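Single-structure report; data block below.
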Amino acid sequence: MAHTNTARREQALREEVREELRRSLDLDTLAEPGAAGAEEVRNVVRGLVDAANHRAATVGEAPLPDPDGLARRLVDEILGLGPLQTLLDDPAVEEIIVNGPHRVFAIEHGRKRLTEVVFADDEELLRVVRRAVGRLGRRLDETSPLVDARLADGSRLNAVIPPLTSRWTHVTVRKFLLRARTLDDLVALGTLSAGAAAFLEAAVRGGLNMLISGGTGSGKTTCLNALGASIAGGDERVVTIEETGELQLEAMLPDCVALQARLPNIEGAGAFPIRSLVKNALRMRPTRIIVGEVRGAEALDMLSAMNSGHEGSMCTIHANGPRQALSKLRMYAMMADESLPAEAVTEMIAEAINLVVHLRLEPASDRRVVTNIYEVTGLEGDTVAGSDLFTVTDGALRWTGIRPRCAARLEGGAFAWDRLEPVAPGPGLERNGRGLE
């Protein structure tokens, strides 16, 4: 009975807060509160919670339990993602998965756990999601039952509702946590060996084109950011292109422009896809172009840029290994309207990509690690050939002993190969010609 009474009082207070905000704030401020509007919302909530407790004391009722927690929940409902906001604010949480109102999971350090967060019902969950995406000019209803949106903090929210799901509203919120800003940071985290980091830094400064590959959550964007931070020289002009603003190179490099793709609005207009931004970047006189993730026809424009004087360009791609990454890059490039033959695209890849850096998330240790640094050596027949320069042996990323063909470009040959200790030769470490079939 006490719990029911508390829930009733909390619901009544929730309605009182909404009514007061409608009176004191205009619709535009409620839609996009800003710093001043958010503070006003907090003041209204705190005032009404205090007033409710004062009324309770006047009539002899018990005070509201945990008034500070109640005020926080009310503010989160108005300004954030309701019950999910606590998880969103937790720096240890990497991803939030919602399978209906009563099953909310959080991923921390690569591991998934069931949380205590629940919604009253699916309507409450749907209401929270609709309010969040509505502020971004998106909608979620039966005519548009799927939405992919970027929240104000850069997190990516994906939501699906019936009829595309069998019953519940399903939500995934992926946060971007940049744990490393430089290659030295990656070494400290155990992602890279010191020798491999020195090699990659020399490769960046030597203008080698790189493809960073890996699965979801493997650390591709963090690695890309660390590689980009190694770009040096006042003559460098870098243009970064992303769907979600995750890279921090604009604040780290003297001449860097950060472009972001734009999704269509409610009417389905106003979209600026990655490919349009890559084409526009070519008109901005960049020395390098960095694309956060290639997953469509923009791959062809990226290859064209790498083959037309923009040496040292980089991008990431989802793949299970270096050769699979090259195969997917070819597939994406062939999706372009230009409909180039496979042979032409394969040749472009062989000429454009110098290195593939592959990462994966280790389930046992929850670490993101670089498992391969793979050199593309050119065409052999109708396939792209290459070999591993660094690979994981005995739990560590080690040099295979192969001196790359691009050695002369590594700081003009100043990279100290003799300081690297190669692994003992064995199966799979010899130079080979296997690549794109």
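What follows is calculated from the coordinates using simple rules that are stated; it is not laboratory data. Everything quoted here is computed from the prediction, not taken from an experiment. Every residue, glycine as well, gets a Cβ built from its backbone with ideal geometry; the counts of neighbours run over all protein chains shown.
Here are some notes:
- Added length on full extension, which subtracts the Cα-Cα distance from 0.36 nm per residue, ASN280 to THR143: 46.0 nm
- Here each label is just a point 7 Å from Cα along the line to Cβ, and for ALA364 and ASP184 those points are 3.1 nm apart.
- Projected label distance in nm at ALA251 and LEU164, using a 7 Å step from Cα toward the beta-carbon: 3.3
- Whole-angstrom gap from region 361-410 to region 44-116, using each part's C-alpha centre: 47
- Karplus 3J(HN,Hα) series, Hz, for region 322-339 with 6.51 cos²θ - 1.76 cosθ + 1.60 (x for Gly, Pro): x, 5, 5, 5, 5, 5, 5, 4, 5, 4, 5, 4, 6, 6, 5, 4, 5, 6
- Residues MET334, MET306, MET348, MET252 arranged by fewest to most Cβ contacts within 10 Å: MET252, MET334, MET348, MET306
- FRET efficiency, ASP122 to ALA408 (Cβ-Cβ, R0 60 Å, nearest 0.05): 0.45
- Residue order, fewest to most beta carbons within 10 Å, for ASP394, ASP382, ASP388: ASP394, ASP382, ASP388
- Of HIS170, HIS358, HIS318, the sequence from fewest to most neighbouring Cβ atoms within 10 angstrom is HIS318, HIS170, HIS358.
- Counted charge near PRO162, where neighbours are those whose Cβ lies closer than 11 Å (Asp, Glu -1; Lys, Arg +1): -2
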